[in-house]
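**Student:** Could you have a look at this structure, given as structure tokens, before my questions?
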């Protein structure tokens, strides 16, 4: 019985330490990124606004907004994000992705089509590790530049003070571990 509880305790300690490392290594947005293309994952206005601003500043030649609701058109997104002339010519909408792996697959196809060898990836800061993992796996020859955005309702710095934030971050960490395990097993098989 002691061995069983010892193993459980060890697993909990490893999990907790991994979670703290996961939080400590969440990336910050780089200054003045440049890439062939920009990919924004839907899921919040900050993601869309940031990606469109990067496009309008010329950080990338084209923008893919991945995981767009089928009932949403380009004009609606342009108005929501204050997109300008570059948005009209150079923004593409992806309607097929339903999850992060789908975003990566959709973006990989788009990157091949537009001959992108580097991408700025825009998503929430807490979501970035898993998104980077999925994108790197789907596009091994493409440089992925993380451009995380802060989500107003998620206080990563004081996550333990807010139950909803703690639950969200735990859920994201578990999804990250599942993606890591899935890809690691895939390489072994």
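Throughout, read-outs are computed from the coordinates displayed, never taken from laboratory work. None of these values were measured; they are calculated from a predicted model. Here the Cβ positions follow ideal geometry from the backbone for every residue, glycine too, while neighbour counts run over all protein chains shown.
**Student:** Given axes a ≥ b ≥ c from the Cα gyration tensor, I'd like to know whether the stretch 10-188 is rounded (a/c under 1.5), prolate (a/b larger than b/c) or oblate. Don't skip to the end; give the middle numbers.
**Tutor:** Numbers: a/c = 1.97, a/b = 1.48, b/c = 1.33.
Note, shape of the stretch 10-188 comes out prolate.
**Student:** Tell me whether the stretch 87-189 comes out rounded, prolate or oblate; compute the Cα gyration tensor, take square roots of the eigenvalues as a ≥ b ≥ c, and use a/c under 1.5 as the rounded threshold.
**Tutor:** Numbers: a/c = 2.35, a/b = 1.35, b/c = 1.74.
Judged from the Cα gyration tensor, the stretch 87-189 comes out oblate (a/c at least 1.5, b/c at or above a/b).
**Student:** Let me ask something additional. For residue 158 and residue 57, calculate 0.36 nm times their separation in residues minus their Cα-Cα distance, and state this gained length in nm to one decimal. Provide the component values of the computation, followed by the final result.
**Tutor:** Details: separation 101, 0.36 × 101 = 36.36 nm, distance 3.24 nm.
The residue 158-residue 57 span can extend by a further 33.1 nm.
**Student:** From the Cα gyration tensor of the stretch 22-89, with a ≥ b ≥ c the square roots of its eigenvalues, which class applies: rounded if a/c is under 1.5, or else prolate if a/b is larger than b/c, or else oblate?
**Tutor:** Details: a/c = 2.19, a/b = 1.33, b/c = 1.65.
Oblate, because a/c is 1.5 or more while a/b does not exceed b/c.
**Student:** Stretch residue 114-residue 170 to full length: gain in nm at 0.36 nm per residue minus the Cα-Cα span?
**Tutor:** Numbers: separation 56, 0.36 × 56 = 20.16 nm, distance 3.60 nm.
Stretched fully, the residue 114-residue 170 segment lengthens by 16.6 nm.
**Student:** Counting other C-beta atoms within 10 Å, which of 19, 4, 135, 87 has the fewest, and how do the rest follow?
**Tutor:** On the way: 19 17, 4 8, 135 27, 87 20.
Arranged by neighbour count, lowest to highest, 19, 4, 135, 87 become 4, 19, 87, 135.
**Student:** Suppose each label sits 7 Å from its Cα in the direction of the beta carbon; what would the residue 88-residue 185 distance come out to in nanometres?
**Tutor:** A separation of 5.0 nm, rounded to one decimal place.
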